[in-house]
Amino acid sequence: MPALPNNAVPTPGRGQGDRTVQSASTGPMADTAALLAALAHLGLITTPFTPEDVADEEKRAGGAELLRLRMAHALAGLAEMQVVHAAIAAGEAGHRGTAVIQAANYVYEGANLQHSDGAAQAGLLYLLAQRIDDLLGSRTAAILQGEDIGLPHLLMPASEIAAALSAVLNLATKNLSQSVRATTLHETAGQLHGIAAALEELADHPEPPARGQ
């Protein structure tokens, strides 16, 4: 998830990467040093970064803000793996169903949105959907550049599905007229019909053509 300015919650805009903010109270934005400390505490970084190391990494990243963004993404990925580990441990301890599902609601605690209205919480869900869309988009771009990625023929429709999910969640965060909402839903439904047809084709012809054919 992109770093947000102090005292801000996501207010989604249109288009990939378009994220604006509105006033609220979600706590301060961590600086790069705090993100590095969190990564070190959780074991991803084993050698402490010196100020010189940070300066070098900032140059390689293209600036201090981009390095902070990279480290925030790294921390988000690490946190997701902690969710996986914790879910496995909970299952092995015999926890199932509602208790496990309700634990997921603590994502709003982490975002300091537990007492916010539904639109603000939907905004967080939108950003999570956008994150998936962004990651799938980066994988698709890598495929187009010739990288060998498993099941590439499934990534493109998956990216379209993620974009549709983002579009619907975007509607939940805004006070729009019924006509505008209906137009967007009709457009999204059309996109999903096209995706469904592509998935049917993949189901009937599961083997993608060889590269270069």
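Taken together, the values in this text are just the output of simple stated rules run on the coordinates, not laboratory data. Keep in mind that what you see is a predicted model, and the values were worked out from it rather than measured. Virtual Cβ from ideal backbone geometry, glycine too; neighbours counted across all protein chains shown.
Rg/Rh for segment 30-77: what does it come to with C-alpha atoms and Rh from Kirkwood?
Using only Cα positions, Rg/Rh for segment 30-77 is 0.93.
Quick check for you: which residues of segment 71-99 have the amide N under 18 Å from the point 7 Å beyond the Cα of Val54 toward its beta carbon?
Taking a point 7 Å out along Cα→Cβ of Val54, the residues of segment 71-99 whose backbone N falls under 18 Å are 71-75.
Could you compute how fast segment 37-109 diffuses translationally, taking Rh as the Kirkwood radius over C-alpha pairs and applying Stokes-Einstein at 20 °C with viscosity 1.002 mPa s? Give it in µm² per second.
148 µm²/s
Considering the dipole of segment 31-79 built from charges on the beta carbon (Lys and Arg +1, Asp and Glu -1) around the Cα centre, which of Ala74, Ile45, Leu35 is farthest to its positive end?
Value computed over the given set: Ala74.
What number, in nm² with one decimal, is the all-direction average of the projected area of the convex hull of the alpha-carbon atoms of segment 118-163?
Taking the Cα atoms of segment 118-163, their convex hull projects to 3.1 nm² on average.
What's the extension gain from Ala40 to Val84 if we count 0.36 nm per residue and subtract their Cα-Cα distance?
Taking 0.36 nm per residue and subtracting the Cα distance, the gain is 13.9 nm.
Nothing charged except the Cβ atoms of Lys and Arg (+1) and of Asp and Glu (-1): what's the magnitude of the dipole of segment 74-213 about its Cα centre? Round to the nearest 20 debye.
About 380 debye.
Give or take rounding to whole Å, what are the principal axis extents of the alpha carbon atoms in segment 95-200, in descending order?
Cα extents, longest axis first: 46, 42, 26 Å.
Using a 10 Å cut-off on Cβ atoms, rank the peptides 51-62, 160-171, 34-45 from the highest mean neighbour count down.
Highest-to-lowest ranking by the protection proxy: 160-171, 34-45, 51-62.
By how many nm would the segment from Ala182 to His205 grow when fully extended, if each residue of separation counts as 0.36 nm and the alpha-carbon distance is taken off?
Extra length from Ala182 to His205 when fully extended: 4.8 nm.
If R₀ is 30 angstrom, what is the calculated FRET efficiency for the pair Val107 and Ser138, using the beta carbon separation as r and rounding to 0.05?
E(calc), rounded to 0.05, equals 0.85.
For segment 18-163, just list the percent of Cα-Cα distances falling in each 10 Å bin from zero outward, please.
9, 27, 36, 25, 4
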